[in-house]
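Working notes, structure below.
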Amino acid sequence: MILNKKTKFLKTLEFFPELSLFLALIILSGCGSENPTQQVKPPAEAVPVVPDRSAPVVNVSQVTEETRQTYQWYCTQCHGEKGHGNGVNAPHLVVPPRDHTKASYLETRSDEQLFEAIKLGGLAVGRAPCMPAWGNTFEDKTIHSLVSYIRELCDCEAL
Ligand code: HEC
């Protein structure tokens, strides 16, 4: 059976020499030294990896439009649209949500403390448990940017 098929195929090649040329081309292109995946190498790889001292260091805690949207989506229900601690849920909480515009309080907290309060939740940092933990929701860089956003809201820094 196998032999029959083979001879039939060879016969076909006899009648269609173009076909054999075509097949040969396909086979040749398959074993060419140029690997097709290497051809689509991203240009970035060709750039020498010399650290550019003049390039600004990427600030992971930069406030972006995404940061503002994240705050609007996840934090305003309690902390209020402008961070005044007057969100729709605020009246129902035993402990009032922190006013993120209150510099006199936020100046007493380091960025690290704010980061931990957001990442680990109120309970983990000796605050009320109704401040949820966001560590499973956001990457650290998003949390860093939320800290920066709170610093923007209070227009203050840790003293
Ligand atoms: C379910 C309501 C609720 C939500 C949602 C919420 N918070 Fe809070 N948050 C609180 C409460 C209540 C406190 C006050 C805890 C205390 O003072 O003991 C608080 C406190 C804080 C503090 C201050 C911690 C400190 O050191 O005093 C930060 C910072 C904070 N929240 C950030 C956020 C961010 C950022 C989000 C959104 C990603 C968020 N919160 C979402 C309820 C909430």
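Just so it is clear, none of the values below were taken in a lab; they were calculated from the coordinates. Keep in mind it's a predicted model, so treat the numbers as computed, not measured. Backbone-built Cβ (ideal geometry, glycine too); neighbour counts: all protein chains shown.
Before moving on, here are some points about what is shown:
- Inclusion of G121 among residues that are without any contact (Cβ under 8 Å) to a residue 40 or more places away in the chain and either surrounded by fewer than 18 Cβ atoms within 10 Å (Cβ to Cβ) or more than 10 Å from the ligand (Cβ to nearest atom) (or both) is not warranted.
- Qualifying residue in segment 129-142 (condition: in a helix (DSSP H, G or I) and either away from the ligand (no atom under 11 Å from the Cβ) or more than 13 Å from T70 (Cα to Cα) (or both)): yes
- Taken over segment 89-104, the residue count meeting the criterion of being more than 7 Å from the ligand (Cβ to nearest atom) and among the charged types (D, E, K, R) is 2.
- Entirely in segment 60-122, the helices (runs of 4 or more DSSP H) that have 3 or more residues that are within 19 Å of T137 (Cβ to Cβ): 65-74, 76-79, 111-120
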